[in-house]
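Here the structure comes first, spelled out in structure tokens, and everything after it is commentary.
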């Protein structure tokens with residue numbers, strides 16, 4: 001992926017080095033050590049299976065525990081000239097700001113950029129603590145993407161889904177959630193959480209996540225038009241990443257079976273297909289995952 005030499009976003013706060021490494025939590029009365037990143041997600045899913053515990057409760061517990069975390073100061077930029085991952089993330093963030101500002105302007109709207117917090121281990125967020133255990137995520141409340149960059153290592157080492165464009169897919173998926181928030185989709189889904197049975201709400205979550213995959217593809221479409229970012233093998237990297245983090249694949253790895261009613265992000269095939277649809281189309285209107293029959297997603 002060609003990414004060097006372009007504007008880097010100033011809407012990035014670098015807290016790396018201020019957090020911690022691991023934590024202890026109890027499951028069924030037993031202490032369990034948790035590290036960080038995607039590997040911890042697999043561990044949590046395994047624990048949920050063996051101890052018959054709701055995995056979402058474990059994830060919430062892991063992310064809300066209060067380790068010793070340093071308070072963050074003012075937004076910081078790395079001054080290390082060898083900080084390639086920081087430069088990469090800030091450049092991608094700048095690319096996304098330009099692409100989405102242009103797309104919103106075409107329909108008479110104003111794009112308000114998300115914040116992005118880089119951290120390592122843990123960092124404070126509104127209402128609790130962000131942990132590497134949950135992977136990258138977008139918090140609608142403060143319109144911020146939280147990213148422990150060790151997740152990229154997890155993608156490469158544990159899931160064999162490395163590569164700069166694979167990492168770009170993950171980051172722009174989270175920024176896609178910010179776009180959804182600005183367009184009102186996020187609130188429409190989240191306000192149904194206490195009104196619907198879990199399985200029905202999960203289907204809404206799948207629609208939201210697949211739309212974010214589509215929006216990541218829309219970003220890639222316009223970034224390629226503007227800067228010719230794609231190199232040989234880049235699209236395959238993104239497809240490999242989408243395939244690695246599909247609900248069906250993660251469930252099969254964690255518990256040996258697939259439970260469709262527990263899907264929250266979509267299958268590997270769905271995630272790959274919606275990203276590619278956005279990449280080919282480049283039009284937000286083609287990504288209305290809410291008007292399609294669920295079985296046709």
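The values are calculated or read from the model by the stated rules, or taken from the named source; none is laboratory data. Since the model is a prediction, treat every value here as computed from it, not as a measurement. So basically every Cβ, Gly included, is an ideal-geometry build from the backbone, and we count neighbours across all protein chains shown.
Annotation: residue 246 fulfils all but one of (1) surrounded by fewer than 19 Cβ atoms within 10 Å (Cβ to Cβ); (2) touching a helix residue (DSSP H, G or I) at 6+ places or on another chain (Cβ under 8 Å); (3) closer than 26 Å to residue 158 by Cα; (4) modelled with pLDDT of 95 or more; the unmet one is (1).
With respect to the conditions (1) in contact with a strand residue (DSSP E or B) (Cβ under 9 Å, 6 or more places away or on another chain); (2) crowded, with 19+ Cβ neighbours inside 10 Å; (3) more than 14 Å from residue 100 (Cβ to Cβ); (4) modelled with pLDDT of 95 or more, residue 149 lacks only one, and its number is (4). Quick check on my filter: what residues within the range 104-147 are farther than 23 Å from residue 245 by Cα and touching a helix residue (DSSP H, G or I) at 6+ places or on another chain (Cβ under 7 Å)? Matches in the range 104-147: 110, 111, 112, 113, 114, 128, 129, 143. Please indicate, with yes or no, whether at least one residue in the range 112-129 is out of contact with any strand residue (DSSP E or B) (no Cβ under 7 Å at 6 or more places or on another chain), buried (at least 17 other Cβ atoms within 10 Å of the Cβ) and within 25 Å of residue 230 (Cα to Cα). Yes - at least one qualifying residue is present in the range 112-129. For the range 222-243, a tally of residues being in a helix (DSSP H, G or I) and either touching a helix residue (DSSP H, G or I) at 6+ places or on another chain (Cβ under 8 Å) or more than 19 Å from residue 160 (Cβ to Cβ) (or both) returns 15. Can we say residue 254 is under 26 Å from residue 88 (Cβ atoms) and part of a helix (DSSP H, G or I)? Taking the combined requirement at face value, the residue does not satisfy it. Pairs meeting the criteria (first residue in the range 74-88 and surrounded by 14 or more Cβ atoms within 10 Å (Cβ to Cβ), second residue modelled with pLDDT under 55, beta carbons under 6 Å, at least 6 apart or on different chains) are 86/78.
Among the residues of the range 151-180, how many are in a helix (DSSP H, G or I), within 21 Å of residue 131 (Cβ to Cβ) and in contact (Cβ under 8 Å) with a residue 24 or more places away in the chain? Give the derivation first.
Our first condition is that a residue be in a helix (DSSP H, G or I); within the range 151-180, this holds for 151-157, 164-180.
Filter once more, so that each one left must be within 21 Å of residue 131 (Cβ to Cβ): 151-157, 167, 170-171, 173-175, 177-178.
Still in the running and in contact (Cβ under 8 Å) with a residue 24 or more places away in the chain: 151-155, 167, 170-171, 173-175, 177-178.
Here the count works out to 13.
Of the residues making up the range 189-200, those that are part of a helix (DSSP H, G or I) and either free of Cβ contacts under 8 Å to residues at least 24 places away in the same chain or farther than 19 Å from residue 212 by Cα (or both) are 189, 198, 199, 200.
So that you can scan it fast, the table gives a plain yes or no per residue for (1) in contact (Cβ under 8 Å) with a residue 40 or more places away in the chain; (2) over 25 Å from residue 187 (Cβ atoms):
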residue: 217; (1), (2): yes, no
residue: 221; (1), (2): yes, yes
residue: 233; (1), (2): yes, yes
residue: 239; (1), (2): no, yes
residue: 251; (1), (2): yes, yes
residue: 267; (1), (2): no, yes
residue: 274; (1), (2): yes, no
residue: 286; (1), (2): yes, no
residue: 297; (1), (2): yes, no
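Applying the condition of being touching a residue at least 40 places away in the same chain (Cβ under 8 Å), more than 23 Å from residue 87 (Cβ to Cβ) and assigned to a helix (DSSP H, G or I) to the range 105-149 and asking which residue is nearest to the chain's Cα centre (by Cα) yields 134.
Condition first: over 17 Å from residue 271 (Cβ atoms) and at pLDDT 95 or above. Can you find one or more residues in the range 171-178 that meet it?
There is at least one residue in the range 171-178 that is over 17 Å from residue 271 (Cβ atoms) and at pLDDT 95 or above.
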